[in-house]
Amino acid sequence: MQLFKEFKEFAVKGNMMDMAIGIIIGAAFNKVIDVLVKKVMLPPLSLLTNGVNFRDKSIILKDAVMNIDGSVKTDEVAIGYGAFGEAFLDFLIIGFTVFVIVKFLNRLRNRAHDTQDETVATPKEIELLSKLTQLTEEQNNLLKSKKNHN
């Protein structure tokens, strides 16, 4: 029963929910990129190369051996460089997209943390820290001026 209680506390915490949402969005994003590469980018590339389907490109190391009845006795051994190229293209697109999104979000976060920028609402904890810093500086200046007068 204690294990279930600990799991419940773990699952209900904010970080767990954020992670679950991130995984779901990531899976959906992966599907979008997969369709973008396979249905949008590769067909024109295939058309430019006279209909070559890159996914099926491979280097055959050993041909398949067939039985007399036409069934496969031993499978073909091949290096599927076309599938690798397609996966690498997926990786590049996802990597670039994530880079652009993180760069945009960092810019927004930096603007939000700038207490002098009036165009973006500053989070309350940042405002409080900024005011605390200002008050501390004022107090230090007052103490310095009193010390200098004595």
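Using equal-weight Cα scatterers in the Debye expression, the normalised intensity of the stretch 4-62 in log10 at q = 0.12, 0.20, 0.25, 0.28 Å⁻¹ is -0.56, -0.83, -0.97, -1.03.
Stokes-Einstein D for the chain at 37 °C, 0.692 mPa s, Kirkwood Rh over Cα pairs, in µm²/s? For the chosen part, D equals 146 µm²/s.
Fully extending the segment from residue 31 to residue 145 would add 34.6 nm, taking 0.36 nm per residue of separation and subtracting the current Cα-Cα distance. Dividing the Cα radius of gyration of the stretch 47-111 by its Kirkwood radius returns 1.35 for Rg/Rh.
When shorter helices are ignored and each DSSP H run of at least 4 residues is given -39500 (n - 2.57), the per-residue value for the chain at 222 nm works out to -22500 deg cm²/dmol.
For the Cα atoms of the chain, what angle does the longest principal axis make with the long axis of helix 81-113, in degrees from 0 to 90, nearest 10? For helix 81-113, the angle is close to 10 degrees. Pairs spanning more than 30 Å between alpha-carbon atoms, out of 31/57; 5/31; 8/103; 38/103; 13/38; 13/103: 5/31; 8/103; 13/38. Rolling a 1.4 angstrom probe over the stretch 23-100 with all protein chains present gives an accessible area of which 70% lies on carbon and sulfur atoms.
Between residue 53 and residue 84, take the C-beta separation as r, use R0 = 25 Å, and let me know the FRET efficiency to the nearest 0.05. Using R0 = 25 Å, I get an efficiency of 0.95.
The values are calculated or read from the model by the stated rules, or taken from the named source; none is laboratory data. Note that this is a predicted model, so its numbers are computed, not measured. Virtual Cβ from ideal backbone geometry, glycine too; neighbours counted across all protein chains shown. Keep in mind that these areas ignore ligands, DNA and RNA; they rest on the heavy atoms of the full protein, side chains included. Shrake-Rupley method; radii C 1.70, N 1.55, O 1.52, S 1.80 Å.
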